[in-house]
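Undergrad: Can you read through this structure? Questions will come right after.
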Amino acid sequence: MSLLEKPAIIYNELVSNVSCLSVGEMIKSLDLLEKEWDIDPTLRKFILGEVKSKDYTYVVGDVTFHIPYLVEHNRYVLWKCYWPDCHNCCERQGRLPLTSDDLITIKSNLRYSKLSEFIKKETVLATWQEPSAIITGINLKRKYDETAEDDGTRIPCRFLDDGGACSLHPARPGVCYLYPFSTWLESHGGQARIQATYQFTGDCPGFYLGDAIQDMKNTLDEYSGIIARYSMQYTRTTRESFGAASMS
Ligand code: SF4
Ligand code: SF4
């Protein structure tokens with residue numbers, strides 16, 4: 001579908017960098033991760049869908065976080081980032097969908113004067129399946145010769161430098177700021193509320209089991225702002241027809 005065509009339905013689920021992984025793919029990712037990091041065996045089972053959990057909601061600002069609670073273990077699934085000791089999400093990057101704000105920011109960072117030239121040389125148009133929608137979007141190329149056929153494969157991002165830092169930072173795509181959260185909009189009393197939960201790809205060693213959500217309060221406070229900003233940017237992106245989604 002051309003980006004200039006109107007999608008059948010504008011679905012406000014925000015894009016994630018990897019989704020719809022099979023259990024086999026998750027096992028492979030976790031096996032790879034465990035070569036370098038200690039992963040709690042209960043957490044591994046949970047990620048593979050083998051542990052019963054409940055959805056615990058926790059509101060920070062404009063965002064309702066959905067935090068898994070492992071019923072039989074009486075623990076919450078919490079998260080912290082290990083960067084700079086870890087940059088696994090940049091080494092196993094599945095796709096980098098861009099918002100219209102990203103297009104402008106990264107175009108300038110890469111010193112293009114024309115947006116059309118930037119889009120032609122540095123991005124690739126792809127369509128992929130999210131859990132409840134088919135998304136079409138402009139993705140930043142993770143390697144110079146990336147094509148739509150490479151979409152979803154996990155490869156090292158070309159912007160990851162030798163020191164483990166992002167050479168685009170702070171102009172990196174919004175999805176990079178968002179990871180490992182995934183967000184969508186839900187209507188409550190006629191008003192759209194931003195929802196957020198983790199996306200489990202088996203690539204992030206930052207998940208751990210904790211007794212209280214308050215243990216990651218500072219992280220949730222920080223990400224509430226990041227997610228709210230990204231939500232507005234993504235809504236603007238679909239409105240400006242730089243991306244589209246339709247219910248699958
Ligand atoms: S993989 Fe997880 S812990 Fe590592 S840098 Fe990315 S978000 Fe942080
Ligand atoms: S753009 Fe930067 S932060 Fe995003 S995946 Fe590439 S190296 Fe990592």
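Read the figures in this text as sums done on the coordinates, not as results from a lab. Please read all numbers here as calculations on a predicted model, not as lab measurements. FYI the Cβ positions are ideal-geometry reconstructions off the backbone, even for glycines, and counts take in every protein chain you see.
Undergrad: What is the set of long-range amide H partners of Gln199 at a cut-off below 5 Å, with H atoms built 1.01 Å from backbone N?
TA: Placed amide hydrogens put Phe181, Ser182 under 5 Å from Gln199.
Undergrad: Still on this structure: When a footprinting reagent is the concern and you count Cβ atoms within 10 Å, what order do Arg236, Arg92 take, fewest first? Show your work: numbers first, answer last.
TA: Values: Arg236 14, Arg92 21.
Ordered from fewest to most neighbouring Cβ atoms within 10 Å, Arg236, Arg92 come out as Arg236, Arg92.
Undergrad: While we're looking at this one, here's another question. Label Asp38 and Arg236 with points 7 Å out from Cα along Cα→Cβ: what is the distance between them in nm?
TA: 4.5 nm
Undergrad: By counting other Cβ atoms within 10 Å of each Cβ, how are Glu146, Glu34 ranked from fewest to most? It would help to have the intermediate numbers written out before the result.
TA: Numbers: Glu146 21, Glu34 14.
Going from least to most buried by this count: Glu34, Glu146.
Undergrad: Taking just the alpha-carbon atoms of region 23-247, what radius of gyration and Dmax come out, in angstrom?
TA: 17.9, 57
Undergrad: Kindly rank 152-162, 172-182 from highest to lowest mean number of other beta carbons found within 10 Å of each residue.
TA: 172-182, 152-162
Undergrad: Let me ask something else about it. Which of Ala133, Ala196, Ala148 moves the most in a Gaussian network model of the chain with Cα springs under 10 Å?
TA: Judging by the Gaussian network model, the answer is Ala148.
Undergrad: What value, in deg cm²/dmol to 500, does the helix sum -39500 (n - 2.57) over DSSP H runs of n ≥ 4 give at 222 nm once divided by the residues of the chain?
TA: One gets -8000 deg cm²/dmol as the mean residue ellipticity at 222 nm.
Undergrad: Taking 0.36 nm per residue of separation and subtracting the Cα-Cα distance, what length does fully extending Ile155 through Asp221 add?
TA: My answer for the length gained is 20.7 nm.
Undergrad: Sticking with this structure for a sec: Given R₀ = 35 Å, what would the calculated FRET efficiency be for Asp62 paired with Ala212, taking r from the Cβ atoms and rounding to 0.05?
TA: It comes to 0.95.
Undergrad: What pairs from Lys80/Lys141; Lys114/Lys141; Lys120/Lys141; Lys28/Lys217 go past 21 Å between their alpha carbons?
TA: Lys80/Lys141; Lys28/Lys217
Undergrad: While we're here: Find how much the distance from Asp162 to Lys114 grows on full extension, using 0.36 nm per residue of separation minus their present alpha carbon separation; answer in nm with one decimal. Each step should come with its number before you reach the end.
TA: Values: separation 48, 0.36 × 48 = 17.28 nm, distance 2.94 nm.
Extra length from Asp162 to Lys114 when fully extended: 14.3 nm.
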